[in-house]
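Report on the structure given below.
The values are calculated or read from the model by the stated rules, or taken from the named source; none is laboratory data. This structure is a prediction, so every number in the text was calculated from the model and none was measured. Positions of Cβ are backbone-derived with ideal geometry, glycine not excepted, and every protein chain shown enters the neighbour counts.
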Amino acid sequence: MSVSHIHSPETERTAQGKPVGAALVSGHGLGLTFGGRQILENVDIAVHAGEIVTLIGPNGAGKTSLARLLLGIIKPTSGEVIRAPGLRVGYVPQRFPVDPTIPLDVGRFLTLGVRARRTAVKSVLQEVGAVHLIDQQIATLSGGEFQRVCLARALIGMPGLLVLDEPAQAVDYAGEIHLYELIAEIRKRRRCGILLISHNLHVVLGASDRVICISGHVCCEGVPESVASHPEYARLFGRDAGKAVAVYRHHHDHEHTLSGEVKCGHDHD
Amino acid sequence: MIDDFLLRAGLAGLGIAILTAPLGCFVVWQRLAMFGNSVAHCGLLGVALGILLSIDLTVGVIIVSVALAALLIAMQGQKALPQDTLLGILAHAALAAGLLAATMLGGARLDLMGYLFGDILAVSTADLVWIFLGLIGVGGAMLWLWRPLLAISVHEEMAAAEGVRVMAVRAAFMLLMAFTVALSIKMVGILLIVALLIIPAAAARAFAATPEQMAIGAAGVSVLSVIAGLGMSLQFDAPAGPSIVLVMSALFAAAVPWLLLRKGA
């Protein structure tokens with residue numbers, strides 16, 4: 001199936017694509033200073049059930065810091081984070097090296113945080129297409145395999161909110177498209193809110209309901225089309241970045257080269 | 001007919017072996033060998049404190065070890081110096097202060113060698129009581145902390161996002177380490193205690209597929225080493241602590257080929 005940009009019909013939305021109603025997690029006027037350096041300034045953000053919000057921004061823009069604030073791992077210097085009561089969170093951090101000194105198979109890795117039967121472990125691994133890995137030691141997994149396993153681990157606690165930090169970092173281009181299709185499917189099936197962090201713009205935007213572009217502060221936000229054509233976005237990522245996004249929408253008409261460039265079978269105006 | 005002192009030594013050794021094995025796994029996984037070393041080096045200062053206050057020397061060691069752990073927990077946030085440098089400074093300062101204080105306070109009465117290298121054959125019934133209370137207390141706490149500790153060892157932030165109170169769990173583990181090291185000093189001594197933590201765990205890594213297997217394997221290696229080491233000590237009239245550590249090292253050396261053959265190692 002293709003990554004398409006579908007608003008769930010039952011969710012009412014404002015013109016910027018924001019759902020109306022209570023958020024799963026929201027940050028209000030968030031500021032973060034670390035070691036005398038201002039990392040984030042006056043950031044407002046909210047993630048609602050059933051939507052995929054993508055956080056984009058250049059390196060050092062504070063994307064991961066913002067996610068860590070929303071997750072409650074660190075405390076903001078100013079502003080506040082509000083989480084829906086009883087909210088369960090699944091978190092896939094940026095690619096990390098698995099310590100081979102800890103003997104740990106995939107099944108056990110999934111149940112570190114929650115207790116679950118083997119059938120439940122199998123079914124969640126099935127969902128991400130990694131059930132054959134259940135008895136493999138995690139230190140032996142490839143980048144793409146490990147990413148899927150981490151996703152399964154985040155899902156096993158039945159989270160209301162998924163936070164995925166650069167989930168496609170260790171994955172090749174084709175694998176990346178697959179992964180985003182998978183994420184879109186998970187959202188559809190589980191109705192959870194998803195906060196996605198990425199700098200791989202062209203693939204991510206297609207799967208998002210709402211894009212927030214940050215660089216220490218919120219530069220622009222809205223539905224993917226409006227962000228892609230926003231002057232702030234062009235300033236941060238270069239003028240051609242928006243074009244690549246537009247092209248991805250009709251990806252049946254073109255092929256991707258190995259370097260990730262897009263070959264088109266038709267003209268653009 | 002087994003002599004009383006030998007029975008006490010055996011029981012103390014087995015108690016310590018089982019106590020240190022699971023802690024040792026986390027020492028290996030979280031790279032805390034240097035921390036263990038520092039706590040151990042403070043032991044002598046605890047002995048001096050015990051003499052000074054005329055209290056049970058084990059209590060003195062526990063007080064100083066726990067104080068060091070608290071100091072380290074408080075300094076965890078600083079980034080100006082690497083953790084191992086800081087630990088090294090504290091360890092050697094404490095060892096130097098402990099050596100001076102123990103010599104001056106204890107004089108000829110104090111068996112300095114006994115504290116540096118351990119004297120398991122001199123374990124008293126009171127020491128045995130301490131060790132088994134420790135086994136119950138620390139063992140129970142480890143069972144309770146096992147899952148969150150494991151989650152933190154794999155990925156601290158992921159654990160934090162899932163609701164593990166990372167700082168509290170870390171602090172609790174450091175206190176357990178301090179307590180365990182304090183209890184073990186009498187047996188293998190300040191200079192060899194870290195061996196008891198890391199060598200059995202390292203040897204068990206070669207054959208373990210799960211964290212629990214590694215902990216149980218480490219306990220097995222440890223128990224075997226205590227029995228064989230004590231036997232060796234009796235046979236050759238050798239000091240017990242070094243004998244036990246040497247047997248452990250031999251077992252580890254025997255496991256090395258398997259360690260190297262592991263997939264993904």
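Taking the conditions (1) more than 30 Å from B:Leu149 (Cβ to Cβ); (2) without any contact (Cβ under 8 Å) to a residue 12 or more places away in the chain in turn, A:Val171 satisfies each one other than (2). Screening the stretch B:139-191 for residues that are among the polar types (S, T, N, Q) and under 27 Å from B:Val61 (Cα atoms) and picking the one that is farthest from the other protein chains (Cβ to nearest Cβ) gives B:Ser184. Is it the case that the stretch A:51-65 has a residue that's aliphatic (A, V, I, L, M) and either within 14 Å of chain B (Cβ to nearest Cβ) or loosely packed, with under 15 Cβ neighbours inside 10 Å (or both)? There is no residue in the stretch A:51-65 that is aliphatic (A, V, I, L, M) and either within 14 Å of chain B (Cβ to nearest Cβ) or loosely packed, with under 15 Cβ neighbours inside 10 Å (or both). Identify, please: which residue in the stretch A:33-54 is touching an Asp or Glu at 6+ places or on another chain (Cβ under 8 Å) and of a type in the set (A, V, I, L, M) and is, among those, farthest from A:Gly79 (Cα to Cα)? Here the residue is A:Ile52. Just one of (1) at pLDDT 85 or above; (2) polar (S, T, N, Q); (3) touching a helix residue (DSSP H, G or I) at 6+ places or on another chain (Cβ under 7 Å) fails for A:Ser208. It is (1). Out of A:Val92, A:Val98, one residue alone is in contact with a strand residue (DSSP E or B) (Cβ under 6 Å, 6 or more places away or on another chain) and within 12 Å of chain B (Cβ to nearest Cβ). It is A:Val92. Only residues that are among the aliphatic types (A, V, I, L, M) and more than 7 Å from chain B (Cβ to nearest Cβ) were counted across the stretch A:101-117, and they come to 4.
The listed residues are B:Thr58, B:Thr103, B:Thr85, and the only one of them that is in contact with a helix residue (DSSP H, G or I) (Cβ under 8 Å, 6 or more places away or on another chain) and without any contact (Cβ under 8 Å) to a residue 12 or more places away in the chain turns out to be B:Thr103.
Look at B:Met232 and say whether it is within 13 Å of chain A (Cβ to nearest Cβ) and over 15 Å from the mean Cα position of the chain (by Cα). So B:Met232 fails the test. Within the option set B:Gly139, B:Gly189, B:Gly163, B:Gly229, being under 30 Å from A:Ala116 (Cα atoms) and in contact (Cβ under 8 Å) with a residue 12 or more places away in the chain holds for one residue only, B:Gly139.
For (1) within 28 Å of B:Gly10 (Cα to Cα); (2) out of contact with any Asp or Glu (no Cβ under 7 Å at 6 or more places or on another chain); (3) surrounded by 13 or more Cβ atoms within 10 Å (Cβ to Cβ), each residue gets a yes or a no:
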{"position": "B:Gly77", "(1), (2), (3)": "no, yes, no"}
{"position": "B:Leu81", "(1), (2), (3)": "no, yes, no"}
{"position": "B:Leu95", "(1), (2), (3)": "no, yes, yes"}
{"position": "B:Leu100", "(1), (2), (3)": "no, yes, yes"}
{"position": "B:Ile120", "(1), (2), (3)": "yes, yes, yes"}
{"position": "B:Val129", "(1), (2), (3)": "yes, yes, no"}
{"position": "B:Leu133", "(1), (2), (3)": "yes, yes, no"}
{"position": "B:Gly139", "(1), (2), (3)": "yes, yes, yes"}
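Only one entry of A:Val81, A:Val128 meets the criterion of being surrounded by 15 or more Cβ atoms within 10 Å (Cβ to Cβ), under 20 Å from A:Arg190 (Cβ atoms), away from every other protein chain (no Cβ under 11 Å) and out of contact with any Asp or Glu (no Cβ under 7 Å at 6 or more places or on another chain), and that entry is A:Val128. In the stretch B:1-32, what count of residues is obtained for those that are free of Cβ contacts under 8 Å to residues at least 12 places away in the same chain and under 17 Å from B:Trp130 (Cα atoms)? Residues in the stretch B:1-32 being free of Cβ contacts under 8 Å to residues at least 12 places away in the same chain and under 17 Å from B:Trp130 (Cα atoms): 1 in total. Of all residues in the stretch A:131-165 being closer than 24 Å to B:Pro148 by Cβ and over 20 Å from the mean Cα position of the chain (by Cα), which is nearest to the other protein chains (Cβ to nearest Cβ)? Per the criteria, the residue is A:Ala139. B:Ser124 meets all of the listed conditions (1) among the polar types (S, T, N, Q); (2) over 15 Å from B:Ile62 (Cα atoms); (3) touching a Gly at 6+ places or on another chain (Cβ under 9 Å) but one, namely (3).
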